[in-house]
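See below for the structure under consideration.
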Amino acid sequence: MAIAAHLVVRDTSGGSREVELNHFPFTIGRQSENDLVLLDNRVSRNHARIVQDSQGFLIEDSESRHGTYVNGERVTTCRLKGGDQISLGVADAYSLAFIMQEPELPALLEKLEEVAESPAPQLQHLSLLLQMAHMLVQAPALDEVLTALVDAALSLTGAERGLLFLRDDKGKLLLRLGRAQGGAYLPGQPEDYSEAIVHRVAKSGKEELIIEEGKTGRAAQETRTYQSGIRGIVAVPLQKLPVLDAGGETIPATAPELLGVLYLDSRSRATSLTGLDRQVLQTLAVEGATVIENARLLRLTREQERMQHELALARDIQQSLLPRQLPTSDFFEVEASSVPTRTVGGDYYDLINLPGGRYGFGVADVSGKGLPAAMMAAMLQGAFAAVAAGDLPVSDVFHRVNTFLCDRTPPEMFATMFYAVLSPSGAFDYVSAGHNPPFLLRRDEVIELREPSNPPMGFFPTAAYQSSTLQLSPGDFVVIFSDGLPEALDLSGEFFGETRLKDLLDECPTRTATCISDHVLEGVRKFVGSAPASDDLTLVVVRYNPT
């Protein structure tokens with residue numbers, strides 16, 4: 001008898017998720033190749049693994065740096081039992097709970113066989129159907145749910161064969177599963193079932209119990225004869241129950257949604273098969289549809305959890321592409337931050353070390369949000385950094401990267417960007433490709449750097465980009481930002497705007513790059529309040545401060 005097992009993974013923020021142990025060895029660690037990836041630098045790359053033998057499950061430490069603990073005791077190898085608490089050597093890191101559960105279906109089917117011979121099986125049938133539904137909604141995989149559903153139906157009816165048809169995304173009924181008495185799978189697509197009855201039940205939404213001639217497909221009742229080729233057929237529609245939607249004073253009800261058809265037939269016990277209690281069949285239909293719908297929702301939930309986990313990995317990868325440490329210099333100071341509106345975003349900033357003690361500062365904003373924008377942002381960052389490192393004039397850098405994007409991205413994707421090179425002398429050479437103009441903070445004046453104007457990258461392969469040069473004076477600040485800052489929305493839908501940004505820069509009490517950055521971000525946070533973030537937000541503040 002197979003035993004199902006899974007881990008409940010809890011992170012430091014209190015969030016939890018379930019991870020099924022569906023193959024062995026099941027590896028745990030920080031490295032992305034593991035089956036369970038835990039993003040904590042204190043967790044070893046390959047920390048531990050879970051294996052299965054004839055007696056159950058074991059956890060083995062993989063020579064991890066901080067060790068593996070089961071119920072508070074450090075172990076090298078330890079046999080696991082249900083409820084064991086696993087930790088990875090650090091008190092405030094991830095915690096794992098090992099959950100083990102033996103399948104309930106075999107025992108439940110034995111009960112079904114017992115009550116089939118009882119003098120009053122109807123109530124017991126209904127009770128067992130409810131037990132079946134309770135058990136099946138906890139099943140980990142949709143195929144397991146469907147198999148259990150058909151096997152339970154075969155046990156209830158005594159039919160020889162069961163076929164389960166489910167609707168695909170286009171509404172077409174397709175055979176998903178075929179089972180025979182005794183738990184055997186039926187190979188291929190059977191041709192000797194009554195296709196007409198399946199489609200009739202799907203169209204009418206009502207169950208049918210009928211005796212049919214196997215050769216002609218005609219109901220035996222039409223001729224009043226029972227030949228050796230007859231078969232008893234039970235066909236049950238599996239329908240999602242109507243949903244009541246209260247709105248105002250009326251309560252409209254939607255029609256039942258057909259999920260599939262359960263088809264059962266028998267030749268040796270044809271007449272007894274059609275004598276089944278309709279209440280049992282109707283309950284089977286309701287519970288079967290509920291089981292399928294719950295299994296589908298469970299699968300979608302787990303798929304969403306998997307996607308969230310992958311997005312979390314993508315977020316960490318994207319964050320690792322940002323400069324790990326802001327540079328320190330004897331002629332400038334810099335503060336930078338980037339906050340995606342979703343798990344991943346299309347904004348980024350970069351700082352590029354150039355020959356002659358110069359530095360490049362860039363802020364980019366890719367069209368769109370989420371994963372597509374993040375993928376293009378990563379591609380743009382790599383291409384731009386590689387070209388800029390060649391120490392070309394800034395206008396030539398934009399020309400080459402624009403050609404690259406036009407060749408390799410869809411026409412609806414583009415990027416705005418501001419990039420500047422600062423020299424120790426204070427020369428500030430820059431190009432703005434459709435980006436928000438930055439602000440120059442010089443003494444008590446806030447100046448918008450609007451010239452020159454260039455198109456975004458990724459639109460026109462032959463676009464030419466013009467650069468400008470600004471001579472910075474000691475103490476000057478350049479504030480570079482993405483449009484997520486002026487376009488931040490409060491609960492009433494009002495934009496933060498560039499006027500508020502200029503006011504914040506003008507009133508900043510302390511003139512350092514860090515203080516200006518903190519003052520601006522705090523001002524945006526207060527303005528937005530509890531409204532959800534509407535766009536990615538990136539801010540870079542550079543101060544020219546030669547010693």
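Structure summary
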read-out	value
Order by protection proxy (mean Cβ within 10 Å, highest first), peptides 63-76, 429-442, 153-166	153-166, 429-442, 63-76
Gained length - THR510 relative to ASP407, 0.36 nm times residue gap less alpha-carbon distance	32.5 nm
Charged-residue dipole, Cβ positions (Lys, Arg, Asp, Glu), the range 502-547 about Cα centre, Debye nearest 20	140
Potential lengthening between ARG74 and GLN31 on full extension [0.36 nm per residue; Cα-Cα distance subtracted]	13.3 nm
For the range 12-103, projected area of the alpha-carbon convex hull averaged over all directions, nm²	6.0
Label-point gap, in nm, between GLN319 and SER268 - each point 7 angstrom along Cα→Cβ	6.4
Virtual paramagnetic centre 7 Å along Cα→Cβ of ASN41, amide N under 19 Å, in the range 69-100	88-94
Length-normalised contact order for the range 467-547 - Cα pairs under 8 Å, 6+ apart - percent	50
Sequence-distant aspartates and glutamates (8 or more away, or on other chains) whose Cα lies within less than 18 Å of LYS203	ASP168, ASP169, GLU195, GLU257
The range 383-508, relative contact order [Cα under 8 Å, separation at least 6], %	25
Extension gain, ALA93 back to ALA533 (0.36 nm per residue minus Cα-Cα distance, nm)	155.5 nm
Separation of the ASN22 and ARG525 label points, Cα + 7 Å toward Cβ, nm	4.1
For the range 512-519, 3J(HN,Hα) per residue [Karplus equation, 6.51 cos²θ - 1.76 cosθ + 1.60, θ = phi - 60°, Hz, x = Gly/Pro]	10, 4, 5, 5, 5, 4, 4, 5
Whole-Å semi-axes of the range 354-394's equivalent ellipsoid (Cα gyration tensor)	25, 9, 7
Trypsin sites (Lys or Arg not before Pro) restricted to the range 22-53 and DSSP loop, no more than 16 other C-beta within 10 Å	ARG42, ARG45
Inter-site label distance for THR462 and ALA385 at 7 Å from Cα along Cβ, in nm	3.4
LYS526 - accessible surface, heavy atoms, 1.4 Å probe, Å² rounded to 10	150
The range 488-530: GluC sites (Glu not before Pro) falling in loop per DSSP and having at most 14 other Cβ within 10 Å	GLU494
Residue-wise HN-Hα coupling along the range 82-94, computed from phi with Karplus coefficients 6.51, -1.76, 1.60 (Hz; x: Gly, Pro)	x, x, 4, 9, 10, 10, 10, x, 10, 4, 9, 9, 5
Isotropically averaged projected area of the range 460-547, using the convex hull of Cα atoms (one quarter of hull area), nm²	8.1
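The values are calculated or read from the model by the stated rules, or taken from the named source; none is laboratory data. Computed from a prediction, not measured in an experiment: that's the story for all the values here. Counting neighbours? That spans all protein chains shown, and the Cβs are built from the backbone with ideal geometry, glycine included. Heads up: the accessible areas ignore ligands, DNA and RNA and are worked out on the full protein's heavy atoms, side chains in. Shrake-Rupley method; radii C 1.70, N 1.55, O 1.52, S 1.80 Å.
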